[in-house]
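Report on one structure; see the data block that follows.
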Protein chains: 4
Amino acid sequence: MTQQPSPTSPHERPEPEIAELTRLIREFVDEREWAPFQDPKSLALALVGEVGELAELLQWVPADGAVERFADPARRQRIGEELSDVLVYLLRLADVLGVDLGPAARDKLAGSHRRFVADEWRGRIPEKS
Amino acid sequence: MTQQPSPTSPHERPEPEIAELTRLIREFVDEREWAPFQDPKSLALALVGEVGELAELLQWVPADGAVERFADPARRQRIGEELSDVLVYLLRLADVLGVDLGPAARDKLAGSHRRFVADEWRGRIPEKS
Amino acid sequence: MTQQPSPTSPHERPEPEIAELTRLIREFVDEREWAPFQDPKSLALALVGEVGELAELLQWVPADGAVERFADPARRQRIGEELSDVLVYLLRLADVLGVDLGPAARDKLAGSHRRFVADEWRGRIPEKS
Amino acid sequence: MTQQPSPTSPHERPEPEIAELTRLIREFVDEREWAPFQDPKSLALALVGEVGELAELLQWVPADGAVERFADPARRQRIGEELSDVLVYLLRLADVLGVDLGPAARDKLAGSHRRFVADEWRGRIPEKS
């Protein structure tokens, strides 16, 4: 263990993927000294910018033809890039806010299981009003 | 290892976390028969709804006080839930579009390394204009 | 006309509606001393919050049934409130940034007329790719 | 009056600016036969796309330097175009949903006056939690 700096030594659990991606993003940012620009509000706006680019790819596509349209490899690649940009800013924002997003998402999903009992909600989706 | 309850056999690599979360979300949706509501445009709007809830937590916080504000455990918990909601819809949207988001995000990050050479971009962040 | 209580004298053009709404919002904000909170980034996040609430009303509605659904008076009233919230933050953000949004929107529309010549674009809408 | 098709004949009230802009946008869309693409969900995503472009202009600007930055005429022109794009899709969405946005915004503002009594809310802004 003494000379083992890896996050995946034989005696430790491997680094979870979300934590690993978060670390890679942090290293990318630190290497460029961009952290001073990336306060939470700035990152939230950057996230919105990427969500906007994602929305633009979908906006005029007929609702029932969207899955088929993005089955095309070049288009799937393109929308995968936009989805990735959203993920990157989301992970970065969570990191800056000190949130461990993997466990947080698991907890949230467990809460949804309790809140939306399958037998009560089968076939109807909760609507905001 | 013989009574391994995991979905991965001892001879396979463990399921990556993003794929696992995606699968758990898919099972949640399928159990409730919500898939017919969740075409890509509907999911994109749901994602926007969650990004909006995240934005509301940050909107009036002073930019340089946001990290400190969310260091409070109850507030960190709260914003972690909103970040998780965004992640859940993002993973679901990627799944419906056939995008494997873990590898896609890694590729995108590799592209950013090539595009933003550290020595050229140190201390300044690319601005949209 | 002699006892005209309007802010416009009989010899001036009446205040355009967008400028008037902008002024009413500014007075509302000033009366509560909220201006110090409302820097442009904070207002942009507030705008995103309202866009998110609008998206939530539309997210699970079938695409081809949305107009009919909101023909119901209570639902039209409800979505009208969300659209209004978006407008209010948009006008406020423009005001803080020194943009006169009525003329700006007219200019933008004139630009769109030049850019999307009707005979070339009839029946097809420009797609982002 | 007999040959006067104008919305501003001497005997009628002039067309309010928001209704006029809405009409101009509708004519622009109809001339290009784009209405079939512009169901409410598609327009909501287009609105999100424009909000994203607006966010990108603000994302890395220091919060307390944004007003000064956009005092520059070229930058003010640029952000005015993005604000206008948001307004255009907002007015179009309201139109498609049958909402008269001028009166709706006035009503909403009147509601905010009742809800946020100035003497109670002076100097503090309501926070989402």
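Anything in region B:90-124 that is among the aliphatic types (A, V, I, L, M) and under 23 Å from the mean Cα position of the chain (by Cα)? List them, or say none.
B:LEU90, B:LEU91, B:LEU93, B:ALA94, B:VAL96, B:LEU97, B:VAL99, B:LEU101, B:ALA104, B:ALA105, B:LEU109, B:ALA110
Which one is most open to solvent (accessible area, probe 1.4 Å), of the residues in region A:114-129 that are at the interface with chain B (Cβ under 7 Å from one of its Cβ atoms) and not aliphatic (A, V, I, L, M)?
The extreme case among them is A:ARG122.
Which one of the conditions (1) buried (at least 23 other Cβ atoms within 10 Å of the Cβ); (2) within 21 Å of D:TRP60 (Cβ to Cβ) does B:ALA46 fail to meet, given that it meets all the rest?
(2)
Please enumerate the residues belonging to region D:34-43 that are in a helix (DSSP H, G or I) and open to solvent by 10 Å² or more (accessible area, probe 1.4 Å).
Selection gives D:ALA35, D:PRO36, D:PHE37.
Has region A:64-85 got at least one residue that is modelled with pLDDT of 95 or more, hydroxyl-bearing (Ser, Thr, Tyr) and within 29 Å of B:PRO73 (Cβ to Cβ)?
No, the conditions are met nowhere in region A:64-85.
Could you give every pair whose Cβ atoms fall below 8 Å, whose first residue belongs to region B:26-46 and is more than 9 Å from chain A (Cβ to nearest Cβ) and closer than 24 Å to D:SER42 by Cα, and whose second residue is open to solvent by 80 Å² or more (accessible area, probe 1.4 Å) and not in a helix (DSSP H, G or I), counting only separations of at least 6 or pairs across chains?
Short answer, once both residue conditions are applied: none.
Checking the conditions here, which among B:GLY65, B:GLY98, B:GLY111 is at positive phi and out of contact with any Leu (no Cβ under 9 Å at 6 or more places or on another chain)?
B:GLY98
Which residue is farthest from B:LEU90 (Cα to Cα), if the candidates are limited to region A:88-104 and must be facing chain B (nearest Cβ under 7 Å) and without any contact (Cβ under 8 Å) to a residue 24 or more places away in the chain?
Once the filter is applied, the top-ranked residue is A:GLY98.
On the basis of being in contact (Cβ under 8 Å) with a residue 12 or more places away in the chain, open to solvent by less than 10 Å² (accessible area, probe 1.4 Å) and at the interface with another protein chain (Cβ under 7 Å from one of its Cβ atoms), does B:LEU83 make the cut?
In short, yes.
Which one is nearest to the chain's Cα centre (by Cα) among residues in region A:63-80 that are of a type in the set (A, V, I, L, M, F, W, C) and at the interface with another protein chain (Cβ under 7 Å from one of its Cβ atoms)?
Top of the filtered list is A:ILE79.
Does at least one position in region C:59-68 carry a residue that is among the aromatic types (Phe, Trp, Tyr) and open to solvent by 10 Å² or more (accessible area, probe 1.4 Å)?
Looking only at region C:59-68, we keep the residues that are among the aromatic types (Phe, Trp, Tyr), and these are C:60.
Filter once more, so that each one left must be open to solvent by 10 Å² or more (accessible area, probe 1.4 Å): C:60.
Looking for residues that are among the aromatic types (Phe, Trp, Tyr) and open to solvent by 10 Å² or more (accessible area, probe 1.4 Å), one finds at least one in region C:59-68, hence yes.
Pick out the one residue from A:GLU56, A:GLU15, A:GLU27 that is within 22 Å of the chain's Cα centre (by Cα), within 23 Å of D:TYR89 (Cβ to Cβ) and open to solvent by 20 Å² or more (accessible area, probe 1.4 Å). So that I can check it myself, show each step before the final result.
Numbers: A:GLU15 fails: within 23 Å of D:TYR89 (Cβ to Cβ); A:GLU27 fails: within 23 Å of D:TYR89 (Cβ to Cβ).
That would be A:GLU56, the only listed residue that is within 22 Å of the chain's Cα centre (by Cα), within 23 Å of D:TYR89 (Cβ to Cβ) and open to solvent by 20 Å² or more (accessible area, probe 1.4 Å).
Conditions: (1) in a helix (DSSP H, G or I); (2) within 10 Å of chain A (Cβ to nearest Cβ); (3) touching a helix residue (DSSP H, G or I) at 6+ places or on another chain (Cβ under 8 Å). D:TRP60 meets all but one. Number of the miss?
The single condition D:TRP60 does not satisfy is (1).
The values are calculated or read from the model by the stated rules, or taken from the named source; none is laboratory data. The shown structure was predicted, so the numbers you read here are calculated from the model rather than taken from an experiment. Every residue, glycine among them, receives a Cβ derived from its backbone with ideal geometry; neighbour counts consider all protein chains shown. Heads up: the accessible areas ignore ligands, DNA and RNA and are worked out on the full protein's heavy atoms, side chains in. Shrake-Rupley method; radii C 1.70, N 1.55, O 1.52, S 1.80 Å.
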